[in-house]
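Read through the structure below, which is laid out as structure tokens, and then see the notes.
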């Protein structure tokens with residue numbers, strides 16, 4: 001026989017012996033409860049044991065802002081279960097069921113903030129085991145430990161997960177929320193997205209659960225070393241948004257103040273977009289909601305889901321159409337008095353001499369019925385005169401050309417931003433002559449905020465229109481591979497470059513001449529703008545409510561930023577100018593938007609910004625890190641004991657200023673509690689992200705106290721609570 005055949009025969013013989021041994025071991029386990037290899041007699045574990053199959057949940061992918069600030073992640077939670085039947089196996093050795101239901105209901109109702117009678121009714125059911133209703137679902141670690149300390153008979157826990165939003169409320173209508181959905185609620189015992197990006201990106205975020213099987217004793221205790229099968233879970237992918245948490249926080253505050261400034265504000269909404277890239281930096285609707293509590297007044301995202309009459313911010317597109325398709329010059333003059341709309345002739349609007357004249361359709365006034373006589377179009381645009389845009393359709397372009405430009409600018413169809421669902425199309429009400437007339441100044445037709453912002457990008461990019469986007473990238477947390485990459489996308493070129501330049505000059509003139517939107521802009525900033533005031537129709541009748549808005553470009557020429565703010569109230573004039581100016585302070589700190597003739601005077605206390613941003617320090621020594629950051633004079637915080645950086649905050653290329661707080665993780669095993677006094681929410685969540693140690697944040701502002709003393713050893717089981725004011 002050949003040597004090769006002998007080898008094959010020997011291998012087959014060995015495999016056969018192993019297979020027989022394995023089969024015999026399985027039989028012995030199933031029949032007699034005896035494990036041959038370990039010598040453990042499973043029947044010693046309170047009777048004949050049984051095999052238990054257990055799922056291992058996958059962690060849902062995390063959400064981050066553009067700088068790596070944590071927006072959403074999983075947090076450990078538990079369901080409370082009660083064994084209420086004395087027939088539960090194992091009771092011959094002790095009490096493994098709820099024997100004192102009255103007392104148990106009393107103490108659980110207190111800890112779980114639940115209804116005592118409802119809990120008692122559940123405990124009195126004729127069942128083997130029961131959950132304790134909504135109050136006993138997804139409880140915190142603190143609640144679990146309080147219950148465990150009471151040593152209640154028959155009360156046990158099932159580990160689940162909950163979704164936690166450390167910055168919430170934070171663009172809540174956009175991001176949405178996810179929650180743990182059980183099989184008995186129609187789910188799959190995993191955290192599932194319910195609204196917003198959490199549901200639209202669910203396929204990326206949700207992950208794949210694992211499983212394991214092992215022997216348990218009859219009292220339910222797992223038998224050490226008797227695991228029979230294991231499949232590891234695959235965690236969901238991480239999503240990085242274009243949102244900048246600094247700008248988002250300032251934007252939310254501005255919207256909230258617009259709602260609570262002593263007038264009857266009902267709604268406010270808007271966004272901030274990088275004009276040349278399309279990245280959405282801030283995006284919100286107010287009233288908002290806390291994603292951790294999910295007490296939602298309205299699910300409507302007013303930036304994308306709602307079409308509304310946008311008012312005079314639409315005049316910019318009427319001017320753009322006339323400039324692009326005719327010989328219009330802003331220096332041209334016209335009769336600026338109230339406009340008597342006549343029936344169209346030769347495809348144009350007509351103006352009749354007086355109300356009731358032959359062919360008269362309607363009378364349209366300027367704001368406050370101003371009748372200035374002969375004016376130029378610079379003045380008409382900056383003071384937002386209705387007679388100006390009506391004259392454009394009378395003398396410069398026909399109605400069909402005007403309609404074509406509205407469609408070229410992307411109105412009346414969804415923008416289709418990746419990740420944003422249920423976008424409204426808008427409403428093109430352009431059939432009757434009066435509807436056409438009123439559409440020139442933003443009444444009668446419906447627009448979405450996303451459509452308005454996309455259309456305004458054409459003026460900032462030499463006529464090229466950029467689609468806004470919100471998902472920067474989606475990353476496999478295991479491999480670091482980017483599985484989806486957002487990008488700048490040109491979706492049209494509705495106007496010529498020279499038209500775009502003229503519109504920017506008209507917007508700048510509006511701010512510089514102290515007309516229109518000038519009151520919204522700080523005097524030291526370079527900006528252009530266009531205001532809007534639209535009457536709101538309710539039950540088909542106008543009057544009583546208004547939508548005020550402002551579109552701003554920063555800086556005025558070659559804009560980097562577009563800001564759009566809307567709010568609805570019962571006043572016929574805007575009242576939130578100072579709040580918009582407060583937002584501009586944050587924008588000015590991050591983007592250089594000051595006027596060319598205004599210089600900052602250097603002082604000893606000036607915080608210098610470093611143009612190259614935060615360097616990559618991961619996998620480098622502390623000596624290297626100190627050298628790279630020597631000029632920054634940073635407040636360096638080392639986490640752990642070691643000499644090699646394994647994680648850092650801020651992230652690579654983040655904005656870096658002198659004196660700022662920098663955290664470097666060098667070891668996860670030997671951590672000591674730092675002083676968090678004075679830290680921001682962003683810095684606290686960065687610590688959580690670096691170390692994996694959960695921190696409960698109470699309040700807003702900056703840390704004033706912490707539950708764990710400075711210098712105390714900490715690990716992933718440590719509970720840290722910080723109070724912010």
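Any read-out appearing in this document is the output of simple, stated calculations on the displayed coordinates, not a laboratory observation. On a predicted model such as this, the values are computed, not experimentally measured, just so you know. Heads up, the Cβs are rebuilt from the backbone with ideal geometry, glycines too, and the neighbour counts pull from every protein chain shown.
Name all residues of the stretch 305-329 having a backbone nitrogen under 19 Å from the label point set 7 Å from the Cα of residue 266 along its Cα→Cβ direction, giving them as ranges. Taking a point 7 Å out along Cα→Cβ of residue 266, the residues of the stretch 305-329 whose backbone N falls under 19 Å are 305-312.
What list do you get for 148, 297, 584 if you sort them by fewest beta carbons within 10 Å?
Numbers: 148 12, 297 8, 584 22.
In increasing order of surrounding Cβ atoms, one gets 297, 148, 584.
DSSP bridge analysis restricted to the stretch 609-724 gives an antiparallel fraction near 55%, rounded to the nearest 5.
How large is the direction-averaged shadow of the alpha-carbon convex hull of the stretch 404-557, in nm²? Please list the in-between numbers first.
Details: hull surface 50.0 nm².
That works out to 12.5 nm².
For the pair residue 110 and residue 713, the difference between a 0.36 nm per residue extended length and the Cα-Cα distance amounts to 213.9 nm. Tell me whether the stretch 609-724 comes out rounded, prolate or oblate; compute the Cα gyration tensor, take square roots of the eigenvalues as a ≥ b ≥ c, and use a/c under 1.5 as the rounded threshold. Oblate, because a/c is 1.5 or more while a/b does not exceed b/c. The order of the peptides 615-626, 335-346 by mean Cβ neighbours within 10 Å, most packed first, is 335-346, 615-626. Computed over the stretch 334-390, the convex hull of the alpha-carbon atoms projects to a mean area of 3.9 nm².
May I ask you to order 402-410, 190-198 by the average number of other C-beta atoms within 10 Å around their residues, highest value first? Kindly include the intermediate steps, with their values, before the conclusion.
Values: 402-410: 19.6, 190-198: 22.7.
Listed from highest to lowest mean packing, they are 190-198, 402-410.
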